[in-house]
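Participant: Below you will find the structure I want to go over with you.
The values are calculated or read from the model by the stated rules, or taken from the named source; none is laboratory data. All values derive from a computational prediction rather than experimental measurement. Neighbour counts run over all protein chains shown; Cβ positions are idealised from the backbone, glycine included. Quick note on the areas: whole protein, heavy atoms, side chains included, nothing else; ligands and nucleic acids left out. Shrake-Rupley method; radii C 1.70, N 1.55, O 1.52, S 1.80 Å.
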Amino acid sequence: MFMILIALGANLPLTDDGSPYDACFHAVEEMQKIETIHLEAVSSWYRTRPVPPDPTQPDFCNGVVRFSGAPDPVALLEALHEIEARFGRVRSVPNAARTLDLDLIDVNGMVRETGSPILPHPRAHLRTFVLRPLLDVAPDWVHPLLRRPARELFSALPERAEGEIRLW
């Protein structure tokens, strides 16, 4: 199935009176300005705990957006990084709290094992906070390398325990 899947996440607000949800919502508006892709669907928004667990960090707002188009994946990733920067994303240490994280999950089933971006995203199939919202927008998606449907990948996750992911 040809589609572009982008995962969104935030656990810091953009402003003092904002929320991580606001950051994700406005990021979707900004992604719609990328000329090589066209919005098709936005998942529900989910509240998830930080991965790996970190009691000092607030919960994340996570979602997945489906686009159509035939973008160059390198240029698309650069555009996503520009949006993150405009939203105040600071890349300090791995798994740090952030105002916005945009991950390119799949670009029309393309497989790229070297360079950036690696496609499909190398850890998407291991993450509840990616697969659950992905099911909202692309329930028939099949992982291009593993050749397993999203539903099967989600069902196989050990951390799907009650309370790990809930609607925002």
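Participant: Only residues in segment 56-80 that are at positive phi count as the first member; pair them with residues that are open to solvent by 10 Å² or more (accessible area, probe 1.4 Å), Cβ under 6 angstrom, at least 6 apart or cross-chain, and list the lot.
Facilitator: From segment 56-80, the pairs are GLY69/THR36; GLY69/HIS38.
Participant: Here is a further query. Among the residues of segment 1-13, write down those that are buried (at least 19 other Cβ atoms within 10 Å of the Cβ) and more than 15 Å from ILE105 (Cβ to Cβ).
Facilitator: Correct list: ALA10, ASN11, LEU12.
Participant: Okay, next question. Consider LEU104 carefully, then state whether it is open to solvent by less than 20 Å² (accessible area, probe 1.4 Å), part of a strand (DSSP E or B) and closer than 24 Å to LEU77 by Cα.
Facilitator: yes
Participant: Scan (1) in contact with a helix residue (DSSP H, G or I) (Cβ under 8 Å, 6 or more places away or on another chain); (2) at pLDDT below 95; (3) open to solvent by 80 Å² or more (accessible area, probe 1.4 Å); (4) not hydrophobic (A, V, I, L, M, F, W, C) for the single condition PRO158 breaks and write down its number.
Facilitator: For PRO158, the exception is condition (1).
Participant: Determine whether ASP101 is within 16 Å of the chain's Cα centre (by Cα) and among the acidic types (Asp, Glu).
Facilitator: yes
Participant: List the pairs whose first member sits in segment 122-146 and is under 15 Å from GLY109 (Cα atoms), whose second member is outside any loop (DSSP other than H, G, I, E, B) and of a type in the set (Val, Ile, Thr), and whose Cβ atoms are under 9 Å apart, counting only residues at least 6 apart or on separate chains?
Facilitator: From segment 122-146, the pairs are ALA124/ILE105; ALA124/VAL130; LEU134/VAL64; LEU134/ILE105; ALA138/VAL64; TRP141/ILE105.
Participant: Filter segment 115-136 for residues that are in a loop (DSSP other than H, G, I, E, B) and not polar (S, T, N, Q); which is surrounded by the fewest Cβ atoms within 10 Å (Cβ to Cβ)?
Facilitator: GLY115
Participant: Do you know which residues across segment 137-155 are closer than 27 Å to GLU29 by Cα and assigned to a loop (DSSP other than H, G, I, E, B)?
Facilitator: Passing the criteria: ALA138, PRO139, ASP140, TRP141, HIS143.
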